[in-house]
1. Looking at region 127-147, can you tell me whether even one residue there is among the charged types (D, E, K, R), under 18 Å from the mean Cα position of the chain (by Cα), surrounded by fewer than 21 Cβ atoms within 10 Å (Cβ to Cβ) and part of a helix (DSSP H, G or I)?
2. Residue check: is Ala249 over 15 Å from Val203 (Cα atoms), modelled with pLDDT under 85 and either surrounded by 15 or more Cβ atoms within 10 Å (Cβ to Cβ) or not polar (S, T, N, Q) (or both)?
3. Which ones in region 50-97 are of a type in the set (Gly, Ala, Ser), surrounded by fewer than 20 Cβ atoms within 10 Å (Cβ to Cβ) and modelled with pLDDT of 90 or more?
4. Could you run through region 75-87 and say how many residues are free of Cβ contacts under 8 Å to residues at least 24 places away in the same chain and assigned to a helix (DSSP H, G or I)?
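The values are calculated or read from the model by the stated rules, or taken from the named source; none is laboratory data. The shown structure was predicted, so the numbers you read here are calculated from the model rather than taken from an experiment. Note that each Cβ is placed from the backbone with ideal geometry, even for glycine, and that neighbours are counted across all protein chains shown.
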Amino acid sequence: MKLLSAITRLPGLWMLACLLQGCAAPLAPAAWNIQAVQRINNSAGQNAATYFELGKFYQERGQLQLAAEAYAVSIALDPRQLGARNAQAVLDARLGRLEQAASALRELVSEYPQAAQPMNNLGYVYYLQGELAQASSMLEQAVARDGGRQLARNNLQLVQAAQVDAAAPAAVSVAVALQAPGNIEIINGNGIRGMAAQVRLRVQVQGIVVSRLGNLPGFRHARSQILYAPGNERQASALRLAVAQPGQAMKLVPVDSLGRGAGVRLILGRDQA
């Protein structure tokens, strides 16, 4: 099995996994910040923490099936842990299994009532499900437990903005609802050859169709961001969820129009290098 053969290469993979773990700083709304829980249960390096780190390594490479297998082994070795269970729920959400993710995250919130990360993730899943009141309540709790740090606060602001939009006059809501979502573009703004194509492959396995690739003249874009035209906010949020890396903030920017029938445009900066 690929998963077991990967474990035999553990000095190199372990170093890479540790690098990934070191990037677990707060990030912007759609980027999932997975909180690592280090717990050593068996010997020879094949323990719950090892498989958890291996799962994160595979997930960052877009190898989602291998990531799911690694998380499953980690959970089997330590069924009560927070880390791999939270990561598996995030993976389910990225694959569109929102109800499954919400159920798992509700269990974690109940078992770990002082942990901000599962609350933040559950609040964001509620947002994706359109449950704005539940999302707002959960994210307010996450902000309170997280000391008001940027990740949960940004997600709460996103939900509050959606609540304001939902309360807008009916005519405006209907007009936006009737707009068909536009195409998704990925634009290379960092100059790394093939980067836009790589990101397209990564999001396609998660069911997101990209209609066009392009380059941004100068290749001097420092930070990645997602622009979206009216009626495309959910598409933009789903795209950010699919591409964001742990420790990376990715901004959603509403614009009046993107041209060429585009509804969402991802501009890749040097933070994606």
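1. Of region 127-147, the ones among the charged types (D, E, K, R) are 131, 140, 145-146.
Now narrow it down to the ones that are under 18 Å from the mean Cα position of the chain (by Cα): none.
The answer is no, given that none of the residues of region 127-147 is among the charged types (D, E, K, R), under 18 Å from the mean Cα position of the chain (by Cα), surrounded by fewer than 21 Cβ atoms within 10 Å (Cβ to Cβ) and part of a helix (DSSP H, G or I).
2. So Ala249 passes the test.
3. Of everything in region 50-97, those that are of a type in the set (Gly, Ala, Ser), surrounded by fewer than 20 Cβ atoms within 10 Å (Cβ to Cβ) and modelled with pLDDT of 90 or more turn out to be Ala68, Ala72, Ala76.
4. 2
Every residue, every condition in (1) modelled with pLDDT under 75; (2) part of a loop (DSSP other than H, G, I, E, B); (3) within 29 Å of Ala68 (Cα to Cα); (4) of a type outside the set (Gly, Ala, Ser), yes or no:
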site	(1), (2), (3), (4)
Arg153	no, no, yes, yes
Ser173	yes, no, no, no
Ala180	yes, yes, no, no
Arg200	no, no, yes, yes
Gln206	yes, yes, yes, yes
Gly218	yes, yes, no, no
Val253	no, no, no, yes
Ser257	no, yes, no, no
